[in-house]
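Following: one structure in structure tokens, then a few remarks.
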Amino acid sequence: MKSVCLLGGSGSIGASTLDVIRRHPDQFKLQSVSVHTNLSKLIDIVSEFRPTHAVISDWDTYQVALSDTRIVNSHCSLLFGQEGLVEIATDENTSHVMAAIVGAAGLKSSLAAVQAGKTILLANKESLVMSGQLFVDTAKQSKATILPIDSEHNAIFQCLPSDYQYGDIERAGISKLLLTGSGGPFLNVALESLAAVTPQQACKHPNWSMGQKISVDSATMMNKGLEFIEACWLFGVKPEQIDVVIHPQSVIHSMVQYVDGSVLAQMGNPDMRTPIAHAMAYPERISAGVKPLDFSQLPNFEFHKPDMMRFPNLKLAISAMSSGQYATTALNAANEVSVQGFLAGHHSFTDIAKINEYVLNRVSSVPCNELTAILAVDEQARRYAEECTRKIA
Ligand code: NAD
Ligand code: MG
């Protein structure tokens with residue numbers, strides 16, 4: 001029986017993870033769970049899965065929960081904040097930690113899980129973007145296993161040789177990792193109309209149903225940029241060893257090209273329960289409740305090169321990876337602020353990339369080998385992003 005800590009239980013990845021657990025009660029036990037503000041979701045989860053610990057990271061919600069009879073009567077012990085997240089992520093009774101908090105808020109707990117040598121199921125790509133070197137070095141030291149949940153990275157992982165070691169790309173005979181992306185809802189709209197798109201349009205992804213932040217990131221293709229950085233760290237490859245390929249149908253989830261000309265692709269319906277079930281059961285296979293692909297019903301596959309005029313955020317992310325850790329950390333922070341500003345109606349969709357670029361041009365290049373340095377860059381970048389937002393508004 002694998003005991004699971006679910007960080008980010010109320011989100012989209014959280015719901016898919018719970019569904020996989022629900023289908024396999026003989027294999028997985030939900031040991032602990034976290035939510036930020038969604039108390040009613042927590043009550044549902046606690047009553048169905050009976051975890052021993054729950055964390056609420058928002059103070060007001062935590063206060064309300066303390067006196068909620070449904071929580072009190074459940075005998076689930078309630079913890080608060082980042083300390084609570086770290087506590088459940090490192091609990092000795094937990095073997096698997098699903099890191100599914102969105103954004104920089106997920107960094108400390110996922111890093112703590114890695115430090116504690118857990119098997120970490122990594123959905124929170126932002127933590128690798130912010131702390132790649134530290135994250136990977138810590139995992140090597142603690143012998144933690146990092147299994148990718150992001151569908152593209154999970155696909156690449158499945159297409160790599162089973163004995164692939166970190167950074168082994170040449171010995172494994174690999175020439176390129178091909179990171180696919182749909183191009184999001186604005187792949188074909190007129191460039192001039194992008195400035196006027198609404199948050200609602202940006203969040204309407206053609207193929208995937210996801211949380212708001214990653215949906216906007218998919219529309220700007222910053223998501224692919226973050227994934228580019230994530231792939232460099234996860235697989236130990238250089239930026240020039242990854243190509244981004246636009247594939248609007250989202251059936252091929254990514255590919256690995258070998259020196260002999262072979263290309264291995266992982267395919268499936270766009271449903272996050274596939275990579276979640278794959279990583280949770282690894283190295284076994286379990287059912288995920290996902291409809292099998294019906295090739296007779298599939299649309300024609302298309303493939304394009306990304307247009308960097310349309311997707312300036314992708315270009316920013318690729319160049320930040322070459323600049324170094326301070327730049328990717330700053331870009332992630334700037335992007336969290338600019339996406340939030342767009343969702344709140346403070347500026348336009350196209351201002352997201354402008355704010356991100358403004359921050360990258362200002363932030364100072366410093367070593368980011370430890371958490372305090374990373375968090376300082378994160379904070380500095382947020383201040384610059386807010387400054388730029390005020391200038392624009
Ligand atoms: P979501 O917005 O649906 O859920 C976010 C979760 O984070 C919630 O459970 C919320 O309680 C928690 N959270 C939010 N702010 C927090 C804070 N300040 N402190 C602690 N917890 C907080 O997001 P999602 O779509 O489930 O994405 C989660 C992560 O998985 C992201 O990093 C995203 O990039 C990644 N991811 C998601 C998908 C997908 O299909 N949804 C695919 C690949 C990767
Ligand atoms: Mg992805």
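The values are calculated or read from the model by the stated rules, or taken from the named source; none is laboratory data. If you're wondering where the values come from, they're calculated on a predicted model, not measured in any experiment. When we count neighbours, we look across all protein chains shown, and the Cβ atoms used for this are built from the backbone with ideal geometry, even at glycine. Note: accessible area is taken over every heavy atom of the protein model, side chains too, but ligands, DNA and RNA are not part of it. Shrake-Rupley method; radii C 1.70, N 1.55, O 1.52, S 1.80 Å.
Laid out as a table, the results:
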quantity	calculated
Ranked by how many other beta carbons lie within 10 Å on average, peptides 22-29, 128-135, 293-300, 253-260 from highest	128-135, 253-260, 22-29, 293-300
Cα principal axis extents for the stretch 281-378, largest first, Å	53, 36, 29
Gyration tensor (alpha-carbon) shape descriptor, the stretch 103-192, a/c threshold 1.5	oblate
Eligible lysines near K118 by straight Cα distance, threshold 16 Å, same-chain separation 8 or greater	K2, K29, K108, K140, K143
Once the Cα gyration tensor of the stretch 226-299 is diagonalised, semi-axes √(5λ) in Å	24, 17, 12
Lysine pair count for the stretch 202-304 [Cα-Cα under 19 Å; pairs on different chains or 8 or more apart]	4
Theoretical FRET efficiency, 1/(1+(r/R0)^6), r = Cβ-Cβ of L66 and R383, R0 45 Å, to 0.05	0.85
Computed [θ] at 222 nm, helices only, for the chain once each DSSP H run of length n ≥ 4 contributes -39500 (n - 2.57)	-14500 deg cm²/dmol
Per residue accessible area of the chain, 1.4 Å probe, in Å²	43 Å²
Surface accessible to a 1.4 Å probe, E379 within the full protein complex, Å²	110 Å²
In nm, spacing of pseudo-spin labels at Q165 and E92 (7 Å Cα→C-beta vector)	3.2 nm
Percent accessible area from carbon and sulfur atoms, the stretch 278-346, protein chains only, probe 1.4 Å	53 percent
Rounded to 5, percent antiparallel among DSSP beta bridges of the chain	25 percent
